[in-house]
Amino acid sequence: AQSVTQLGSHVSVSEGALVLLRCNYSSSVPPYLFWYVQYPNQGLQLLLKYTSAATLVKGINGFEAEFKKSETSFHLTKPSAHMSDAAEYFCAVSDLTVGGKLIFGQGTELSVKP
Amino acid sequence: DGGITQSPKYLFRKEGQNVTLSCEQNLNHDAMYWYRQDPGQGLRLIYYSQIVNDFQKGDIAEGYSVSREKKESFPLTVTSAQKNPTAFYLCASTRSWTNKETQYFGPGTRLLVL
């Protein structure tokens, strides 16, 4: 069965510092992977997705993620944090047994200190 | 602008009452999904529909019901059998039900029990 694990339910960085949010997946076949962002009391917005093309995926708002098959990881990074990046971030993998369904990690809340 | 609307934004339920959450999309998407979000638990799938007049149970369907009579609408009813309904409910859609598709989310409905 596929699964997603996000390491760290809370991450705090200073403004201007590197953002690194960790995601590891479990899948018996090459997965499709997604990162979403959620601001308080709002829906989720897609940041980026990996669908077996380039392993380094660039997304919106300066975020990017690298697919590493050997490490079964898809970590999200941003070189310089901004106050507006404070939100909850979810990693997800496509459920290959149910078309269109996503399996979500438990989320990582990012805080940005001035 | 195309998108997904959910109403109401907040909903209060009394003991023993059924309540219905609305989800409408004008993206011409085939597939629609309902998720429940609880703090620290990520998103859990309640029901999904890949085409009109068809829907399937997700991981936590007990105490919920849905219908899909029109392509653009996928209402969720929280029945009195759902003993712990307090949560944030998110509706999503995808263009089709293949695994590469991006899920687009509505703004959510917060359900509270009186």
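The values are calculated or read from the model by the stated rules, or taken from the named source; none is laboratory data. None of the values given here were measured: they were computed from a predicted structure. Neighbour counts are summed over all protein chains in view; Cβ atoms, including those assigned to glycine, are modelled from backbone coordinates with ideal geometry. Accessible surface is based on the protein model in full, side chains and every heavy atom, while ligands, DNA and RNA are left aside. Shrake-Rupley method; radii C 1.70, N 1.55, O 1.52, S 1.80 Å.
Of the candidates A:Asn61, A:Asn24, A:Asn41, which one comes out as most mobile in a Gaussian network treatment of chain A with C-alpha springs shorter than 10 Å?
The residue with the greatest mean-square fluctuation here is A:Asn41.
Only sites in a loop by DSSP and with at most 13 other Cβ atoms within 10 Å count here; which GluC sites (Glu not before Pro) in segment A:26-110 make the cut?
Loop-located and lightly packed - A:Glu71.
Taking chain A as a Gaussian network, where each spring joins two C-alpha atoms under 10 Å apart, which residue of A:Thr77, A:Thr97, A:Thr51 fluctuates the most?
Looking only at A:Thr77, A:Thr97, A:Thr51, the largest GNM fluctuation is found for A:Thr97.
Kindly tabulate the residues in segment A:2-46 with an accessible-area decrease of at least 10 Å² between the chain alone and the assembly of all protein chains, using a probe of 1.4 Å.
A:Tyr32, A:Phe34, A:Tyr36, A:Gln38, A:Asn41, A:Gln42, A:Gly43, A:Leu44, A:Leu46
Please report the base-10 log of the normalised intensity I(q)/I(0) for the protein assembly as shown, using a Debye sum with one equal scatterer per alpha carbon and no solvent, at each q in 0.12, 0.17 (1/Å).
Log10 of I(q)/I(0), two decimals: -0.65, -1.23.
Kindly list the residues of segment A:1-39 that lie in the label zone of A:Gln45, defined by a backbone N under 13 Å from the point 7 Å along the Cα-to-C-beta vector.
Only A:36-39 pass the distance filter.
Taking the Cα centre of the protein assembly as shown as origin, work out the dipole magnitude from +1 charges on Lys and Arg Cβ and -1 charges on Asp and Glu Cβ, in debye rounded to 20.
The calculation lands at about 140 debye.
For segment A:42-114, which trypsin sites (Lys or Arg not before Pro) pass both filters: DSSP loop (anything but H, G, I, E, B) and at most 12 other C-beta atoms within 10 Å?
Details: sites: A:Lys49, A:Lys58, A:Lys68, A:Lys69, A:Lys101; in loops: A:Lys69, A:Lys101.
Hits after loop and neighbour filter: A:Lys69.
Using only atoms on other chains, find how many Cβ atoms lie within 10 Å of each Cβ of peptide A:70-82 and report the average. Could you put the intermediate results ahead of the total?
On the way: counts 0, 0, 0, 0, 0, 0, 0, 0, 0, 0, 0, 0, 0.
Average neighbour count from other chains, rounded to a whole number: 0.
How much area per residue is accessible in the protein assembly as shown when the probe is 1.4 Å and only protein heavy atoms are counted (Å²)?
Each residue of the protein assembly as shown exposes 47 Å² on average to a 1.4 Å probe.
Give the whole-number value, in cubic angstrom per residue, of the convex hull volume spanned by the C-alpha atoms of chain B.
Numbers: hull volume 11.2 nm³, N = 114.
About 98 Å³ per residue, rounded to a whole number.
At a 10 angstrom cut-off on C-beta neighbours, averaged per residue, how do the peptides B:10-19, B:77-86 rank from highest to lowest?
Result, highest mean Cβ count within 10 Å first: B:77-86, B:10-19.
Work out how far the C-alpha atoms of segment A:50-98 reach from end to end along every principal axis, then list the three figures in whole Å, largest first.
Cα extents, longest axis first: 38, 22, 18 Å.
Taking a temperature of 20 °C and a viscosity of 1.002 mPa s, what whole-number D in µm²/s does Stokes-Einstein yield for chain A with Rh from Kirkwood over alpha carbon pairs? List each step's numbers first, then the result.
Numbers: Rh = 14.1 Å.
The diffusion coefficient I find is 152 µm²/s.
Accessible area lost on pairing B with A, both sides, 1.4 Å probe, Å² to nearest 100?
Between B and A, the summed buried area is about 1900 Å².
Calculate the all-directions average of the projected area of segment A:16-56's alpha-carbon convex hull, and give it in nm².
4.4 nm²
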